[in-house]
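The values are calculated or read from the model by the stated rules, or taken from the named source; none is laboratory data. This one's a predicted model, so the numbers in the text were calculated from it and none came from an experiment. Neighbour counts are summed over all protein chains in view; Cβ atoms, including those assigned to glycine, are modelled from backbone coordinates with ideal geometry.
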């Protein structure tokens, strides 16, 4: 519990400020809870499904999820990847967080290691340790792209998987095809020596990607790839907890992995993904919330930060941006920002002190109105430096 | 190996006979057609949610509030928890508030969240047997050790056995009443004795929690009332779901009710908040939280279940089987006419196309479980098969 207590402290600090100055005067960039609503046609479909008089709409189904739902998702994956996915390769899950826990429960023995590029979404640490695994953090480059040499150096006999989250939380980086090819080559060397290392791709943000960037498909680059995704962000259904695991058809003996994930889904207490949402998302694999809207917000917040003098890598996806803290102590800096009514999360919360994270899944006017406050902080720091 | 050794072992533990049984079941269904097969093996109720619930769901979706499908706090919507607390206050007469309610992904999710929050490796949880097999997996998920304790002949708690099983490592006792697989409802007296025993331990400095799995709490018959454990003992956590009482099994909605007499409420809720997050549930599904809040006082027809119980029990008696008459849930747990119940279950399946689960799947060989959450026609349709099998084992030799 101690590990996350300071995030809570930040949250509570923010609540106090909101009470004091009014919610509209606090610019809360601390939470990755998108305000975007599901597409209108999805809401209509939901009513249609709920109105159905068909029997058994809310009963248990097989633990992996409805056959026809998995069939539709497999079709979509065949279309987008060219790989021969069938419904058997899909297990419906309680979101991506549920999916990752299921995968780790299925593959990890106590002491097995999972490589995680850093900075990283701090929950990964728990998902791994829940099932006796050990997380090995590996720093990324200055632009937050993969450092293949460092990954190579981190691999041991105990390495069971590498967890790739792209588009990335907290940096918004999208790994390019070249670096992923290098990663695949590196892992293939190990598998030729008899050590199979999975790539676990957390693609929760896969549709939130800008300027026509294409997300390289990991399953096409590497055989032992397990993809985990959810519809929290692309369909605005975070609270409904719906996602899935897709196991590459090229994984050898994939059947035993499929069986293990279905079993883990049961014994971890998920049992199955929520029934009604399974039916709905099956039909919306090709849809998403308005990505241009996110791109405009990305541009706006990026401009605000650059104008205010912050050093920042321009993100290509997700709805996070991860600027450098002007002073080495990011916690101190986040506290300073708080005094200027801006709520953010210090980089230390993502394993990378000296940075801070902004989640810009907020209304555009929050970003616009925050501009003078960012400038204020920027000024302050410049003056501070001159003194 | 592609999967972990631990997972491999867990799968092997449950496979063997379940897998064979399952595959044989599929074969028989194909061979004879679904109509000619009587599948009493699954606790997946065929009941539909109340019509008023379906209407409320449509209403809710037709006038959507902004933000309905977003994340909320990990323990669930405040107003939903308030509605549930109001209901529980009424039923139990103890001062529940919204803060004592924690929305979960069904009962299975709730149990995992509690166990993750409470257990240190090596901590023991006492489970009366026969028992729902998944309990063992849930406890094992977090390094806990399950201590099985036999119940009496009538499947009521054996307090002497429980006392003997308590060690310094005992952290909790997991009580499932109405019970799966026996349908037994633990009586007031045995629960009072249990509370007395645990209070003695408490005075000696050991705090042992009662975790009640109340998934079947509304499915009780013969006008009996489920004893109020919250009034008997302070350290009680009740886990429930709406899989059975509102027939929403596939939607994964339930909650944990924490006794207002537990002093460390804030600490426990903080731990559960982290557990529900890190285990990947994050929160109970948003839409059905709202439904659950409004339907605490509603349930599917209990009278229907009671009629099915009566019909099946009458058939078993007519067939000469030995069975404790259940007072709740939708299970019956008769004695197998021969000691090897696996053999008996196989015969029942092959000769009479009646599918049930061997007792060893619940930690009690020599018995078998019948799940009667089926249409009445199916129950009545299986009568002849049961009678023939009764003849064969009980009268045939005479």
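Key figures for this structure:
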| read-out | value |
| --- | --- |
| Single match in A:260, A:273 (criterion: within 14 Å of chain B (Cβ to nearest Cβ), buried (at least 20 other Cβ atoms within 10 Å of the Cβ) and touching a strand residue (DSSP E or B) at 6+ places or on another chain (Cβ under 8 Å)) | A:273 |
| Scan of the stretch A:218-237 for residues that are under 12 Å from the mean Cα position of the chain (by Cα) and within 9 Å of chain B (Cβ to nearest Cβ), ordered by number | A:232 |
| Qualifying residue in the stretch A:51-65 (condition: under 30 Å from residue B:57 (Cα atoms), within 8 Å of chain B (Cβ to nearest Cβ), touching a helix residue (DSSP H, G or I) at 6+ places or on another chain (Cβ under 8 Å) and assigned to a helix (DSSP H, G or I)) | yes |
| Candidate set from the stretch A:141-158 (those that are in contact with a strand residue (DSSP E or B) (Cβ under 7 Å, 6 or more places away or on another chain) and crowded, with 21+ Cβ neighbours inside 10 Å); member that is farthest from residue A:196 (Cα to Cα) | A:146 |
| Output for the stretch B:234-272, where each listed residue is at the interface with chain A (Cβ under 9 Å from one of its Cβ atoms) and over 24 Å from residue B:295 (Cα atoms) | B:267, B:270, B:271 |
| Test: residue in the stretch B:230-243 that is over 26 Å from residue B:286 (Cβ atoms), assigned to a helix (DSSP H, G or I) and at pLDDT 95 or above | yes |
| Residues being outside any helix (DSSP H, G or I) and touching a strand residue (DSSP E or B) at 6+ places or on another chain (Cβ under 8 Å) - total across the stretch B:281-312 | 3 |
| Criterion (modelled with pLDDT under 95, farther than 16 Å from residue A:171 by Cβ and assigned to a helix (DSSP H, G or I)) met by exactly one of A:331, A:348, A:304 | A:331 |
| Breaking point among (1) facing chain B (nearest Cβ under 10 Å); (2) closer than 17 Å to residue A:273 by Cα; (3) in contact with a strand residue (DSSP E or B) (Cβ under 9 Å, 6 or more places away or on another chain); (4) surrounded by fewer than 20 Cβ atoms within 10 Å (Cβ to Cβ), for residue A:109 | (2) |
| Tally, over the stretch B:92-135, of residues that are in contact (Cβ under 8 Å) with a residue 24 or more places away in the chain, more than 9 Å from chain A (Cβ to nearest Cβ), in a helix (DSSP H, G or I) and more than 18 Å from residue B:208 (Cα to Cα) | 3 |
| Residue list for the stretch B:1-58, filter: more than 10 Å from chain A (Cβ to nearest Cβ), under 17 Å from residue A:266 (Cβ atoms) and touching a strand residue (DSSP E or B) at 6+ places or on another chain (Cβ under 7 Å) | B:41 |
| So residue B:250, is it crowded, with 24+ Cβ neighbours inside 10 Å and in contact (Cβ under 8 Å) with a residue 60 or more places away in the chain | no |
| Flag for residue A:288 being surrounded by fewer than 23 Cβ atoms within 10 Å (Cβ to Cβ) and either within 14 Å of another protein chain (Cβ to nearest Cβ) or closer than 28 Å to residue A:58 by Cβ (or both) | yes |
| Those helices (runs of 4 or more DSSP H) lying entirely in the stretch A:163-274 with at least 2 residues over 18 Å from residue A:105 (Cα atoms) and in contact (Cβ under 8 Å) with a residue 40 or more places away in the chain | A:177-192, A:218-221 |
| Those residues of the stretch A:240-254 which are surrounded by fewer than 24 Cβ atoms within 10 Å (Cβ to Cβ), modelled with pLDDT of 95 or more and at the interface with chain B (Cβ under 9 Å from one of its Cβ atoms), in sequence order | A:251, A:254 |
| Single unsatisfied condition, residue A:114 versus (1) in contact with a helix residue (DSSP H, G or I) (Cβ under 8 Å, 6 or more places away or on another chain); (2) surrounded by fewer than 24 Cβ atoms within 10 Å (Cβ to Cβ); (3) more than 27 Å from residue A:239 (Cβ to Cβ) | (2) |
| Number of the exception - residue B:87 against (1) within 14 Å of another protein chain (Cβ to nearest Cβ); (2) within 30 Å of residue B:139 (Cβ to Cβ) | (1) |
| The lone exception for residue A:98 - which of (1) in contact (Cβ under 8 Å) with a residue 40 or more places away in the chain; (2) over 25 Å from residue A:129 (Cα atoms) it fails | (2) |
| Residue A:173, sole failed condition from (1) under 30 Å from residue B:68 (Cα atoms); (2) surrounded by 22 or more Cβ atoms within 10 Å (Cβ to Cβ); (3) touching a helix residue (DSSP H, G or I) at 6+ places or on another chain (Cβ under 8 Å) | (3) |
| Residue A:90 being under 14 Å from residue A:261 (Cβ atoms), away from chain B (no Cβ under 14 Å) and in contact with a strand residue (DSSP E or B) (Cβ under 8 Å, 6 or more places away or on another chain) | yes |
| Residue list for the stretch B:313-323, filter: out of contact with any strand residue (DSSP E or B) (no Cβ under 8 Å at 6 or more places or on another chain) and in a loop (DSSP other than H, G, I, E, B) | B:320 |
| Considering residues of the stretch A:33-50 that are in contact with a helix residue (DSSP H, G or I) (Cβ under 8 Å, 6 or more places away or on another chain) and without any contact (Cβ under 8 Å) to a residue 60 or more places away in the chain only, the residue nearest to residue A:291 (Cα to Cα) | A:43 |
